[in-house]
Amino acid sequence: MEFELESGNKISGVYELDGHLATCNLNPQVRVYGEKLVDYEDKEYRLWDPRRSKLAAALLKGLGTFPVKNDSRILYLGASAGTTPSHISDIITQGVIYCVEFAPRMMRELLTVCRARENMIPLLEDAHKPANYQGLLEKVDFLYSDVAQPNQTEIFMDNMRLFLREEGQGMIMIKARSIDVTRKPKQIFREEASFLKEHGFRIVDKVDLDPYEKDHRCLVCEFAF
Ligand SMILES: C[S@@+](CC[C@H](N)C(=O)[O-])C[C@H]1O[C@@H](n2cnc3c(N)ncnc32)[C@H](O)[C@@H]1O
C-alpha cells in the first residue's frame with residue numbers, strides 16, 4: 001500500500017488507500033484543511049487531495065522522482081496555510097521543513113499547523129529576499145517552490161543557489177497565468193525551462209498538473225555543474 005511512482009519505485013511515507021493518496025497523520029485526530037482521516041491497521045492516515053495540493057497532483061500525474069526522505073531537510077517557498085507542507089511534515093518524521101510565507105493572514109493559519117508539528121518551522125519572510133533569512137536555516141536537501149509570482153523562476157533559482165546542498169534537488173510549480181495570461185502555457189513553460197538551463201540548472205523530471213490544476217507544470221531540477 002506504499003505509493004508507487006511511474007518508475008516502479010515505492011515512496012516511503014506516501015500511501016495509497018482505496019485509490020486515494022495518503023500520509024500517516026503526525027498529529028492524530030487533527031485535520032489541517034478538512035481532509036478525511038482514515039484508520040488502517042492501528043494507524044491514522046490523512047487523505048491527500050490532489051485538487052488542494054499540487055504535490056499530490058504531480059505524484060498522481062506520473063512524477064518519476066520524489067526526492068523527499070524520512071530525514072530530509074526542506075525549504076518550502078509559498079507555504080500558505082500549510083496544506084502541502086503538512087503532508088510533507090507527515091513524511092519527514094526525522095527531518096525538518098522550513099516554511100516561508102509572506103502574507104500575515106496565511107501565516108496566522110500556518111502557525112496553528114506548525115505549533116502542533118515540531119518539524120515545521122514557520123518563517124514570515126519574502127522569498128524575493130533570501131538573504132534576509134539566510135541566517136535562520138541550514139543548507140537543505142530539497143527545495144519546493146509554489147509562489148505564483150511573475151518572476152517565480154527567478155525566486156526559485158535565487159533560493160536554490162543560496163540554500164540547496166550540491167547534490168540536492170528542487171521542485172517548482174510553474175503557474176503560467178501568473179507569468180502572462182495572454183500567451184499559451186506551453187510556450188511559457190518552454191521559456192521558463194530555457195531560463196533555468198541558461199542559469200546552470202538541469203531539469204530531471206516534469207509533469208503537467210491538469211486536470212487537478214489548470215495551466216501548471218511541475219519541474220524537478222538540480223545543479224548542472
Ligand atoms: C499557490 S499558494 C501556495 C499553496 C501551498 N503551496 C500549498 O500547496 O499548500 C502561493 C502562496 O505563496 C505566497 N507567496 C507569494 N509570493 C511570496 C513571496 N514572495 N514570499 C513568500 N510567500 C509568497 C502567497 O502568499 C501564497 O500563500
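The values are calculated or read from the model by the stated rules, or taken from the named source; none is laboratory data. On a predicted model such as this, the values are computed, not experimentally measured, just so you know. Counting neighbours? That spans all protein chains shown, and the Cβs are built from the backbone with ideal geometry, glycine included. Ligands, DNA and RNA are stripped out before the accessible areas are found, and what is left, the full protein with its side chains, is counted by its heavy atoms. Shrake-Rupley method; radii C 1.70, N 1.55, O 1.52, S 1.80 Å.
Observations on the structure shown:
- Three-way shape call for the stretch 50-223 based on the alpha-carbon gyration tensor, with the a/c threshold at 1.5: rounded
- Most to least accessible of Met120, Met106 (protein chains only, probe 1.4 Å): Met106, Met120
- The candidates Tyr40, Tyr144, Tyr98, arranged from most to least accessible area with a 1.4 Å probe in the full protein assembly, appear as Tyr40, Tyr98, Tyr144.
- Pairwise FRET efficiency - Tyr40 versus Lys129, Cβ, R0 = 41 Å, nearest 0.05: 0.40
- Over the stretch 1-80, equivalent-ellipsoid semi-axes from the Cα gyration tensor in Å: 19, 16, 13
- When all protein chains stay in place and ligands, DNA and RNA are ignored, the 1.4 Å accessible-area order of Arg73, Arg46, largest first, is Arg73, Arg46.
- Total lysine pairs in the chain at Cα distances under 16 Å, for residues eight or more apart or on different chains: 17.
- Across the stretch 171-225, the convex hull enclosing all Cα atoms gives 67 Å³ per residue.
- For Glu6, the solvent-accessible surface with a 1.4 Å probe is about 150 Å², rounded to the nearest 10.
- Considering helices alone, the calculated mean residue ellipticity of the chain at 222 nm is -7500 deg cm²/dmol, with DSSP H runs of length four and up weighted by -39500 (n - 2.57) and normalised per residue.
- For the chain, share of DSSP beta bridges that run antiparallel, in % to the nearest 5: 55
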